[in-house]
Amino acid sequence: MTPTAKDAKAPAANFLRAIIEKDLASGALQGRRFGGSPGDAAHHAAGAPDPARIRTRFPPEPNGYLHVGHAKSICLNFGLARDFGGVCHLRFDDTNPEKEEQEYVDAIVEAVHWLGFDWNVELDGVRTSHLYYASDYFDFMYRAAEALVTAGLAYVDEQSAEEMRASRGDFNTPGTDSPYRSRTPAENLARLREMKAGALPDGAAVLRAKIDMASPNINLRDPALYRIKHATHHNTGDRWCLYPMYTYAHPIEDALECITHSFCTLEFEDQRPFYDWLLEHLADLGLLARPLPKQYEFGRLNLSYVVTSKRKLREMVAEGIVGGWDDPRMPTIFGMRRRGYTPAAIRAMADGTGASKTNIWLDYAVLDQCLRADLEGQAPRAMAVLDPLRLELTNWAEVYGEGHVEPCQAPAHPQRPELGERRFGLAPQVWIERDDFAEVPAKGFFRLFPPRTLADGSTVPGNKVRLKYGVVVECTGCETDAGGRVVKVLARVLPDTKSGTPGADAVKVKGTVTWVGVHEAVPATVVLYDRLFTEAQPDAGGRDFREVLNPKSKQVVTAYLEPALAGVAPEQHFQFERHGYFVTDRVEHAPGRPVFNRITTLRDGWSG
């Protein structure tokens, strides 16, 4: 089922919230102590009491930029911790040195902060940072590995990767024991220490848990715990050449940080038995203190018209399909921020989906609806002409006098008088939208069109419209270039019809046209962004996402804006009247060189 924009208004079911409420009510969280740093059971037993306080965590791997799916997890983990007076840890699962970089660490920190969450929490009068790294626990993890080996619960396997893959079996066939599985604990411990010392090359051996090669859950068929990688780590440098697997490191990190509720997406559901197996054995060995954390899985968020695979996002960047990780068409948090989506809109989208035991596809229109709901009440208004056509008011001097500029004004926001007013001038030359004029109007067209002669010989006068916040004008004709393209519209002012004056309603019109005076218009680059793909599920069924790229996902135009927008700062949001919501680009915009991005239109007009 795909939730729609309408569905976003309904209360969202969240079974994880119900689990927390039950645990708090039953006292299941009593007895925990939080040490706040790597240690062992004695360390945690001596730690500070953590009375009935939930602890969640957001554990990204710093191997890329966060995307909209991560935003869901961030909002869920930090939001639940906030709602129940607990703590959410930001933890970097940096166990793969070949793909991780400090650049990604810094970007993740910035993204989580921008979304409105903080891991620096004041509890019981003490402000503490809860930012952690898996690499902080490498010493403990290795000590735990030696303990498992000594207890006969792990062994060093020197089969090739292909041999191990073949011996695991499949869903219909049990696995077969490795020829190295029967080594003695002493032999395994010696070999593990050689691996740690760098005596073996990459791929020569792995440390595996000794569980059950016939288990119907393939994840319990002696999963790998450690592999050899002679690679420099962004945090530990060259100290280690032996790195833990994520599935081994993650439960240990949860336990050492006294996480009460470890929330993860459904693809980790089959890993939960190993999560529990590992923690129970380490507790039995005296390395971890009970009570132990529990893992719960929820359905992931998929947004239509985007892809969130890190590999595919990386390919789009490398191939120049997009301009970078922060391209406003990208579903990364940096891309969404640059596009102009607000933290409140993203949080509303994530919260509106709740948490369930099934993966969901969310209609892209829901995100746009959340953005409109957030900006409607706060974004200042402005007039902008995106496809300019010159309008000349031919009787201007006769009505107002040569060189006169008629002052006009409008509220910065119609419901927020405290924001003041915009002021601009009407003069004989103004810019209007090209589609506000038609030489031959279609039925129901109420904007500008010239006089015309009908088949019966009668004459229909040119149409009258109001220039918004200004006067009523009547179209008298147009001028075209050698190719027949209209280059100028001609009209005359109807005197005493200015908005806000006693005669404003003397002439009734059906159309109102936005405009910008040529004499004071601010030229600007406006980038009209749209969905990156033409299909709701671009890579469905193994399809190459490149086949359904939207050729109109980015269109750059030179527009004219009202003078109030001349000096605005980056990342400022506006509603361009009639057009939609726009933001000054956070990278390329500067006073004197304005660049605006379209975030979304005033209503969803997507037709694929």
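The values are calculated or read from the model by the stated rules, or taken from the named source; none is laboratory data. Treat the numbers as computed from the prediction; the structure is a model and nothing was measured. Quick reminder, even Gly has a Cβ in these numbers, built from the backbone with ideal geometry, and neighbours come from all protein chains shown.
When residues of the range 1-26 are filtered for being in a loop (DSSP other than H, G, I, E, B), modelled with pLDDT under 50 and under 20 Å from the mean Cα position of the chain (by Cα), how many remain? Going through the range 1-26 one residue at a time, the tally reaches 4. Answer yes or no as to whether residue 279 is modelled with pLDDT of 95 or more and more than 21 Å from residue 80 (Cβ to Cβ). Criteria met by residue 279. In the range 146-155, what residues are surrounded by 24 or more Cβ atoms within 10 Å (Cβ to Cβ) and assigned to a helix (DSSP H, G or I)? Within the range 146-155, 148, 149 meet the criteria.
For the range 589-608, the set of residues classified as without any contact (Cβ under 8 Å) to a residue 24 or more places away in the chain and touching a Pro at 6+ places or on another chain (Cβ under 9 Å) consists of 589, 590, listed by residue number.
Considering the range 431-486, and only residues there that are over 47 Å from the mean Cα position of the chain (by Cα) and of a type in the set (A, V, I, L, M, F, W, C), the residue that is nearest to residue 411 (Cα to Cα) turns out to be 460.
For the range 123-130, does any single residue satisfy the condition of being farther than 19 Å from residue 289 by Cα and at pLDDT 95 or above?
Of the residues in the range 123-130, the ones farther than 19 Å from residue 289 by Cα are 123-130.
When the remaining residues are screened for being at pLDDT 95 or above, the result is none.
Checked the range 123-130: no residue is farther than 19 Å from residue 289 by Cα and at pLDDT 95 or above.
Taking the range 292-335 as the range and being assigned to a strand (DSSP E or B) and under 17 Å from the mean Cα position of the chain (by Cα) as the test, the residues that pass are 301, 302, 303, 332.
List the number of the failed condition for residue 552; all other conditions in (1) in contact (Cβ under 8 Å) with a residue 24 or more places away in the chain; (2) under 24 Å from residue 303 (Cβ atoms); (3) of a type in the set (Lys, Arg) hold. It is condition (1) that residue 552 fails.
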